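Following: one structure in structure tokens, then a few remarks.
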Number of protein chains: 2
Amino acid sequence: MNINDVAQKSGVSKTTVSRVLNNEKYVSDEKREKVLSAIKELGYAPNWVARSLVTKKTNLIGVIVPEVDLSFYYSIISEMERIAFERGYKLFICNTLHRPEKEIEYLSLLKEMRVDGLILMHEEMSEQSIKEIKKWGITSLFLSGEILNSDIPSVLIDNYAASKAMTEYLIQLGHKKIQFIAGNESEHATLNSRLAGFLEAVQHSSEEITYKIAYGDYTMESGYEIMKKTLENKKYPTAVFAISDDLAVGAMNCLLDYGFQIPKDISVVGFDASKISIVCRPRLTTVEQPIELLAKTGIEKLIANIGSSIKEKKTYVPYQLLIRESCARFKGGEGLSNLERIRH
Amino acid sequence: MNINDVAQKSGVSKTTVSRVLNNEKYVSDEKREKVLSAIKELGYAPNWVARSLVTKKTNLIGVIVPEVDLSFYYSIISEMERIAFERGYKLFICNTLHRPEKEIEYLSLLKEMRVDGLILMHEEMSEQSIKEIKKWGITSLFLSGEILNSDIPSVLIDNYAASKAMTEYLIQLGHKKIQFIAGNESEHATLNSRLAGFLEAVQHSSEEITYKIAYGDYTMESGYEIMKKTLENKKYPTAVFAISDDLAVGAMNCLLDYGFQIPKDISVVGFDASKISIVCRPRLTTVEQPIELLAKTGIEKLIANIGSSIKEKKTYVPYQLLIRESCARFKGGEGLSNLERIRH
DNA sequence: CTGAAAGCGCTTACAG
DNA sequence: CTGAAAGCGCTTACAG
């Protein structure tokens, strides 16, 4: 069934049916009525595919995400969906699972589908993908991160400042042995900024701070493994700073499983303020990336950029230190003896 | 740029270009070469929209989910995406946020988009939506639940048996006061089966079991609130059986926040074996819905059903009781005094 | 206010 | 092996 059937049934031309469908004026009430009732009677739904072919608009936004299964990502996606929906856009979510081939294939599908815009959330995107996007010329925006030297606008928090502030908070609590848990070792802007902020605070402190940096990926499992290795090396930090909440909760769980008390024995902080950070016990002290604001700003800027060509390069959204229950003041030798107690 | 540009550049007809694009044989190697290099040079991507218009296939599967933000859902979606992708299908995820209007709008978009099939995961779908789906005649499948009297095939675990088994496990541990936390109060098959299984075990036990049933939604917040109210009423159960892990973890967190020890003071069990159940501490004893198998079976059956008309109504997938750390044997008066101790 | 005609970018018989 | 033509289901000038 198609527009012709509706036209025939209601005794008007398909042009008129199309006009009714698109809510144009200049259709007599009488014909409008007839068309509407024919549509209802036939259960007709216009063919989106055919319409997109001629209008060259899909009202679709492609979203490239490396791993939906991380709480930060699905929360932000859920929020973006809500906002985009209100604006008449739908999301097409592409879960690349960190695999470059999947990324390429999704990108080319997105191109074939003629989506109207792209939200990028994977900083470790392959060179090839970035080149593809540029060549394609699609309106795109990086959310909660950035790709340096890429001309792609981004909406994010100031990761350097946030990381520095959180580190200073730990130092101020008296911690002098800090374990920094990074995500992936590969070069990307967010990791670099957070690491730089951490180093800045640590190296320019009036105190003598020792630190270790460990790499993994962004999952809880990875946080768990990294922490486990650290403990097995018998080098006990007094505080752990992980650059994602999943990582931090993984580390925390490992600590808990080994019999440590948090924050009494060891303090732990994370990054993101994703759902897991408030669900875990003790509640995780973390840097808040304002998910709603990030999603809102990102979607709105992207939509504004579709069809326009002025685009600001970088938009900062405010971060916040969320002080919760996973940190305590380090009490010199006492804490140390606690650790010893547990080891043996 | 379109297929004509490619045809012109390579000096063949667009029919031939189309043949190359679709990997048909009966194209001379010479022309195939020319076309391929022209495509590469121009950076041409075929227009998916135009293709879909003529083939009437989109290779898209619509997924209706009430709340992506629940761990069970995003895990199963992630898994379905992986499997569908391998089979050449992509998912179009529709997050309805439990709102009937959104459900209706997404459904009609899906219909306009001419998706090839539908995965349903929302049992409390409105009558109107179900009617729409029937009228539309789209191949669909209900995953991890079912809609009674709807003719929609479903893939799920035997919720009745699973719930009964879990309840018997609690009874066997000596629990005689059990709090059952349901999700929504509205009638739907999964809740009914789980409740029926619970009641069957409780009412036909050789022991005298007392129980309470509380309703909320499926979120952690809801589990927390329900537990809080229970505690405030000073009616302490010795075990809590929640019908989702989120609900259970919410309840567990409340208990923890009130100073109870789990499982020493109170045992808690959940349902789903979603990620949160293994991340929380103590690890949650729960009924496993095998996410991978559910996703795999669901997607494969749906794809098989597209274009065929024989469909089995209901497919059971095996569940499993995952005994972890959140339950302990109830020790008569001692447990009771523990509770008293905490109250005052 | 209304409709006939052209066209969006493909694929698919059909004929050769 | 190859191509001209029709057609998928819409929208959009254009003319009235």
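A few points about this structure:
- Check on B:K40, more than 9 Å from DNA strand D (Cβ to nearest atom), more than 30 Å from A:E79 (Cα to Cα), of a type in the set (D, E, K, R) and without any contact (Cβ under 8 Å) to a residue 24 or more places away in the chain: yes
- Any hit, the stretch A:136-157, residues being in contact with a strand residue (DSSP E or B) (Cβ under 6 Å, 6 or more places away or on another chain), under 13 Å from A:F241 (Cα atoms) and either modelled with pLDDT under 95 or assigned to a helix (DSSP H, G or I) (or both): no
- Some residue of the stretch B:73-84 being within 30 Å of B:G117 (Cα to Cα), within 14 Å of DNA strand C (Cβ to nearest atom) and of a type outside the set (D, E): no
- Lone qualifier among B:E112, B:E105, B:E101 - being more than 9 Å from chain A (Cβ to nearest Cβ) and assigned to a helix (DSSP H, G or I): B:E101
For (1) under 20 Å from the mean Cα position of the chain (by Cα); (2) more than 29 Å from A:G223 (Cα to Cα); (3) exposed (fewer than 15 other Cβ atoms within 10 Å of the Cβ), each residue gets a yes or a no:
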| site | (1), (2), (3) |
| --- | --- |
| B:V249 | yes, no, no |
| B:S267 | no, no, no |
| B:G298 | yes, yes, no |
| B:I323 | no, no, yes |
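- Which listed residue, of B:G223, B:G183, B:G250, is in contact (Cβ under 8 Å) with a residue 40 or more places away in the chain and in a helix (DSSP H, G or I): B:G223
- Hey, A:R82 more than 9 Å from chain B (Cβ to nearest Cβ), surrounded by fewer than 19 Cβ atoms within 10 Å (Cβ to Cβ) and modelled with pLDDT of 90 or more or not: no
- Condition broken by B:T58, with the remaining ones in (1) within 9 Å of DNA strand D (Cβ to nearest atom); (2) not in a helix (DSSP H, G or I) satisfied: (1)
- Residue within the stretch B:226-236 that is away from chain A (no Cβ under 14 Å) and either touching a residue at least 60 places away in the same chain (Cβ under 8 Å) or closer than 30 Å to B:S150 by Cα (or both) present: yes
- Exclusive hit being touching a residue at least 12 places away in the same chain (Cβ under 8 Å), part of a strand (DSSP E or B) and among the hydrophobic types (A, V, I, L, M, F, W, C), set A:I119, A:I133: A:I119
- Summed over the stretch A:1-55, the residues that are within 7 Å of DNA strand C (Cβ to nearest atom), charged (D, E, K, R) and exposed (fewer than 11 other Cβ atoms within 10 Å of the Cβ) give a count of 2.
- Lone qualifier among A:V6, A:V12, A:V20 - being on the phi < 0 side of the Ramachandran plot and away from DNA strand D (no atom under 11 Å from the Cβ): A:V12
- The stretch B:45-56 residues that are within 7 Å of chain A (Cβ to nearest Cβ), paired with ones that are within 6 Å of DNA strand C (Cβ to nearest atom) (beta carbon under 6 Å, 6 or more apart): B:P46/B:L21; B:V49/A:L53; B:A50/A:L53; B:L53/A:L53
- Options A:L53, A:L36: the member that is more than 30 Å from B:V63 (Cβ to Cβ), assigned to a helix (DSSP H, G or I) and of a type outside the set (D, E): A:L36
- For the stretch A:85-125, the candidate set comprises residues that are of a type in the set (G, A, S) and at pLDDT below 90; within that set, the residue that is surrounded by the most Cβ atoms within 10 Å (Cβ to Cβ) is A:S108.
- Test for A:E81: is it under 23 Å from A:K56 (Cα atoms) and not in a loop (DSSP other than H, G, I, E, B): yes
- Residue pairs meeting the criteria (Cβ under 8 Å; at least 6 apart or on separate chains; first within 12 Å of chain A (Cβ to nearest Cβ), in the stretch B:268-281; second among the small types (G, A, S) and in a strand (DSSP E or B)): B:S277/B:G270
- Any chance A:E168 is touching a residue at least 12 places away in the same chain (Cβ under 8 Å), more than 17 Å from A:S244 (Cβ to Cβ) and in a loop (DSSP other than H, G, I, E, B): no
- Scan of the stretch B:303-338 for residues that are modelled with pLDDT under 95 and either in contact with a strand residue (DSSP E or B) (Cβ under 6 Å, 6 or more places away or on another chain) or closer than 30 Å to B:L148 by Cβ (or both), ordered by number: B:I303, B:A304, B:N305, B:I306, B:G307, B:S308, B:S309, B:I310, B:K311, B:E312, B:K313, B:K314
- With respect to (1) out of contact with any Phe, Trp or Tyr (no Cβ under 9 Å at 6 or more places or on another chain); (2) touching a residue at least 40 places away in the same chain (Cβ under 8 Å); (3) farther than 23 Å from B:Y218 by Cα, the lone exception for B:P153 is condition (1).
- Of the residues A:I77, A:I64, the single one that is under 42 Å from the mean Cα position of the chain (by Cα), within 11 Å of chain B (Cβ to nearest Cβ) and modelled with pLDDT of 90 or more is A:I77.
The values are calculated or read from the model by the stated rules, or taken from the named source; none is laboratory data. Values in this document were obtained by computation on a predicted structure and should not be read as measured data. Cβ atoms come from the backbone with ideal geometry, glycine included; neighbour counts cover every protein chain shown.
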